[in-house]
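In what follows, a single structure is set out as structure tokens and then discussed.
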Amino acid sequence: MDEHIEQSTQASERDQVTAATRRTFLKAVAGAGAAISVSTRFAWANGEIGFWSKDLTNEQLIGMHRTIQRIRWFERTCVDKMLTEPGYRGYNHFYVGQEAVATGVCAALRNTGGIMGADLVYSTHRPSGHAIAKGVDARMMAAEYDFRATGLNKGYAGEMHIADKSVGFIGADGMIGPGPVIATGSAFAIRARGSDQVVVNFGGDGTYATPHFHSTLNNAALLKLPFIYVLENNLYHQYAHYSYSCPLKDIAAAARTYGIPGVVVDGQDVFQVYNAAKDAVDRARAGEGPTLIEAKTYRYYNHWGGPGAKPGELGAFGYDPLAITSFRPEREVRAWMARDPVDISRDALISWGVLDRENADEIEGAAKQEMIEAFAWADEQPLCDPEDGLANVFVEGTVASRQFG
Ligand SMILES: Cc1ncc(C[n+]2csc(CCOP(=O)(O)OP(=O)(O)O)c2C)c(N)n1
Ligand SMILES: [Mg+2]
């Protein structure tokens, strides 16, 4: 046989063998793919989720959706009171639009055991969602927001300083910046005590340009603290876009400077938030140090709302054209509202066969009713007396000096 032909015959035999091997390989891959697909559907049918939040039971998944709805209706009920009841005295920095962030993070935390056992959350001036997701009683919050004597903090705190150590909610904080410094102090104490608790600090995009953000991450990384910084990037600090104070598109990239993981998540998707938080919590509990999570999200209402708000006027919750065109493009607001955290979690759970539409409606109805009743109960609570202002400020009697040991 001609040498050239022999070579080409051998080549064609080789090709046939290769082709047969490739076909076998492709068949195997297709078979494996089909098996995965069938088993995933089987898992869905059994209520086991294939890929998202896979360690959670159906009850826990439904619990996250219920929390999102409870936060939404706490806020909506509060908005209604401001717009319709001239006597209402509470103010609020609304969390509507950002519910999936607090919910996904707190679902990954231990929320019982008091201050020495629960994981600790340090919140911001926008605390309603963090507090409800951590397990703070909504009725007590509603009373506190209206400065009632029987409120969560006896009317001392209002919205911006609520705290409930029984569930590890160490508190809201009206100052932009210093919160994480205090939170890392707690994380240091936890380490010193040998506890396995974890500390989460929530902060906005407005905290990036503060020295506290950077010193916190630096110290947490150096000391490998059980600390998680959840940065809720809702694009604005008050009325300025975050690009005015931060040169990074993804603030999570700042983590690289401190040699710690920086994770970007879709803050509208509670399952993504949960997954990122779970990884960070596991890491922190195992002594592997801090994580920075940046959740991309958006608030729907205006920066804040207070007594006497009137719909359609600047300050009345961001739907008015003046507020929108002066700092947020209307199309931007609408684009984010089209990716609503309530819809995303409800639709996912329905498609996974965990919820049906009727259950979803019942959950929403119950959340709405609970919050209407919470605010109605708060209305009946006694107001503070002026002399109460000095209670709990000074210690009664005498206290032994501790300054020198
Ligand atoms: C030290 C300090 N400076 C200024 C303010 C006024 N202030 C209140 S909220 C806010 C913007 C916060 O923006 P961000 O951190 O992005 O949180 P968001 O309001 O978007 O949730 C500012 C500047 C403050 N509370 N504390
Ligand atoms: Mg912001």
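Rg/Rh for segment 58-384 (Cα atoms only, Rh after Kirkwood) is 0.95.
Taking amide H as placed 1.01 Å from N in the peptide plane, VAL198 has its amide H under 5 Å from the amide H of ASP119, LEU120, each at least 5 places away in sequence or on another chain. Fewest-first ordering of VAL395, VAL263 by other beta carbons within 10 Å of each residue's beta carbon gives VAL395, VAL263.
Rounded to the nearest Hz, the phi-derived 3J(HN,Hα) couplings of segment 117-130 under the Karplus curve 6.51 cos²θ - 1.76 cosθ + 1.60 (θ = phi - 60°) are x, 6, 5, 9, 10, 9, 9, 10, 6, 10, x, 3, x, 4, where x marks glycine and proline. Packing here is the average count of other Cβ atoms within 10 Å per residue, and on that basis the peptides 191-198, 225-232, 156-163, 129-136, highest first, run 225-232, 129-136, 156-163, 191-198.
Extending 7 Å from Cα along the Cβ direction at SER166 and again at TYR244 yields two label points whose distance is 4.2 nm. Between ILE350 and ILE182, full extension at 0.36 nm per residue minus the direct alpha carbon distance yields a gain of 56.4 nm. With a simple spin-label model that places each label point 7 Å from the Cα along the Cα-to-Cβ direction, the separation between GLU387 and ILE372 comes to 4.0 nm. Annotation: extensible slack from ARG285 through VAL399 equals 37.3 nm (criterion: 0.36 nm per residue apart, minus Cα-Cα distance).
Across segment 259-308, the convex hull enclosing all Cα atoms gives 114 Å³ per residue. Hydrodynamic analysis of segment 165-243 uses the Kirkwood radius over alpha carbon pairs. Inserted into Stokes-Einstein at 4 °C and 1.567 mPa s, it gives a translational diffusion coefficient of 98 µm²/s. Subtracting the Cα-Cα distance of ASP55 and THR84 from their residue separation scaled by 0.36 nm leaves 6.1 nm.
Read-outs throughout are calculated quantities, based only on the coordinates presented, and are distinct from any laboratory measurement. Just so you know, these numbers come straight off a predicted model, no measurement behind them. Quick reminder, even Gly has a Cβ in these numbers, built from the backbone with ideal geometry, and neighbours come from all protein chains shown.
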